[in-house]
Amino acid sequence: MATVRAITSVLAKLAPEELAYDWDNVGLLLGDYSREVKRVLLALEITEEVVTEALEKSCELIITHHPLIFQPLKKINTQHQLGKILQQALVAGLNIYTAHTNLDLAAPGLNDYLAELLGLDKCQPLQIMTEDQNYKLVVFIPREYYHQVKDAIWEAGAGFIGNYSHTSFRSKGTGTFKPLAASDPFLGKRDELTEVEEIRFETIVTERSLQVVIKAMLAAHPYEEVAYDLYPLANQGKQYGLGRIGRLKEKLRLDDYLPLIKAKLALPSVKYVGSGDRIIERVAVCSGSGADLIRAASDAGADLYITGDIKYHDAQLAEQIELGLVEAGHYETEIIVRDFLNNYLTGKLSDVALFRSTINTNPWSVF
Ligand SMILES: [Zn+2]
């Protein structure tokens with residue numbers, strides 16, 4: 001039986017909570033990690049209607065992109081919307097988990113999915129925000145315990161380089177030690193110099209996984225005192241950034257690309273800046289509110305930038321710097337999170353049913 005912990009830790013592999021911005025609020029916002037879950041509702045955000053939908057579908061967990069609790073709470077007034085939702089969810093034993101800016105930055109993340117929907121290839125982050133700090137972990141293992149220890153290290157999350165897992169190097173050698181008076185040695189005798197055939201196993205681990213990996217390594221290793229080294233690496237780690245820039249497989253006139261954008265994002269209409277006969281090849285995207293990246297999109301060589309929450313003066317700026325711009329809507333560029341999470345989680349959870357919310361939470365209507 002899956003628990004909230006089991007399900008959310010699968011999601012945290014894609015979008016580690018530590019990737020979220022300091023101002024954000026992600027993770028388990030309401031509930032209990034030990035609760036059993038059979039049915040999960042995937043939603044952009046939570047309204048009273050979404051809670052009702054979760055209860056009608058007998059879901060025990062809602063996974064959202066926008067955090068229900070954002071500002072620190074001092075009071076819970078159940079006459080107000082947030083208080084009502086919290087009361088309803090608590091009474092029903094609902095758990096609420098959020099992946100917000102960590103899902104925006106994740107690679108692959110929501111922005112990669114948006115770029116893929118819009119036909120983009122060879123995508124890179126538009127603005128790098130952070131990168132992994134990597135360590136080399138070296139541990140000396142008696143030969144008979146080699147498989148047990150290295151498997152524990154890999155299972156805990158070490159050994160990833162780019163698109164490769166289980167990376168390592170090993171060499172054979174001889175370890176020496178003399179157990180002192182207060183020791184309780186696994187091998188050898190007190191006050192006697194002991195030599196053991198050992199394997200030097202080395203692999204790579206990110207700072208984020210370091211504590212979990214070391215704990216797993218120590219638990220699997222037979223020695224009382226495990227000899228291991230950690231080297232901080234100066235190599236560039238995996239980079240995480242906002243937005244994406246990529247290429248269309250074939251150049252298109254803006255006039256010909258707009259219907260595709262409209263269809264893929266189910267837009268009621270498309271507001272854009274630029275001439276219809278502009279040739280589009282390099283395209284930048286940012287889900288949600290991305291007006292701050294207009295200059296970054298232009299500097300990265302984009303012919304067109306697609307995002308939401310664009311103000312009048314942002315549009316003027318795009319026109320001045322001759323960047324094509326599409327206002328695709330905050331809601332419309334993020335509601336795709338339901339499909340993205342559904343695609344990612346499908347096949348990774350046994351005995352758990354996934355449901356995509358069918359509630360339209362967009363406050364805007366178009367006449
Ligand atoms: Zn948003």
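What net charge is computed for the residues neighbouring F340, neighbours being all others with C-beta under 12 Å from the C-beta of F340, Lys and Arg scored +1, Asp and Glu -1?
-3
Quick check: Cα centre of segment 242-267 to Cα centre of segment 25-92, how many Å?
Cα centres, segment 242-267 to segment 25-92: 34 Å.
Which order, highest average first, do 83-90, 99-106, 272-279 follow once you tally other Cβ atoms within 10 Å for each residue and take the mean per peptide?
99-106, 83-90, 272-279
Taking H as built 1.01 Å from N, whose amide H comes closer than 5 Å to the amide H of I306, not counting residues under 5 places away?
Answer set, sorted by chain and number: A284, V285, C286, V326.
Can you pull out the chymotrypsin sites (Phe, Trp or Tyr not before Pro) in segment 178-271 that DSSP calls coil and that have at most 15 other Cβ atoms within 10 Å?
For chymotrypsin sites (Phe, Trp or Tyr not before Pro) across segment 178-271 that sit outside H, G, I, E and B with at most 15 neighbouring Cβ atoms in 10 Å, the list reads F186.
In debye, nearest 20, what is the charge dipole magnitude of the chain about its Cα centre with +1 on Lys and Arg Cβ and -1 on Asp and Glu Cβ, if you could check?
For this selection, approximately 360 debye.
Taking segment 310-367, which trypsin sites (Lys or Arg not before Pro) meet the DSSP loop condition and have no more than 16 other C-beta atoms within 10 Å?
K311, K348
Could you tally the net charge around I96, taking each other residue with its Cβ under 12 Å from the Cβ of I96, Lys/Arg +1 and Asp/Glu -1? Walk me through the intermediate numbers first.
Working: positive: R35; negative: D32, E45, E60.
That sum, taken over residues with Cβ under 12 Å, equals -2.
³J(HN,Hα) across segment 278-283 via Karplus (A = 6.51, B = -1.76, C = 1.60, θ = phi - 60°), whole Hz, x for Gly/Pro?
4, 8, 10, 10, 8, 10
Considering only DSSP states other than H, G, I, E and B, which GluC sites (Glu not before Pro) in segment 219-251 qualify as loop sites with at most 13 other Cβ atoms within 10 Å? List each step's numbers first, then the result.
Numbers: sites: E224, E225, E250; in loops: E224, E225.
Those satisfying the criteria are E224, E225.
Within 10 Å of each residue's Cβ, count the other Cβ atoms and sort R5, R170 from fewest upward.
Result, fewest neighbours first: R170, R5.
Computed from the coordinates by the stated procedures, all read-outs in this text should not be read as laboratory data. Note that the structure is a prediction, hence the values are computed from the model and not measured. Heads up, the Cβs are rebuilt from the backbone with ideal geometry, glycines too, and the neighbour counts pull from every protein chain shown.
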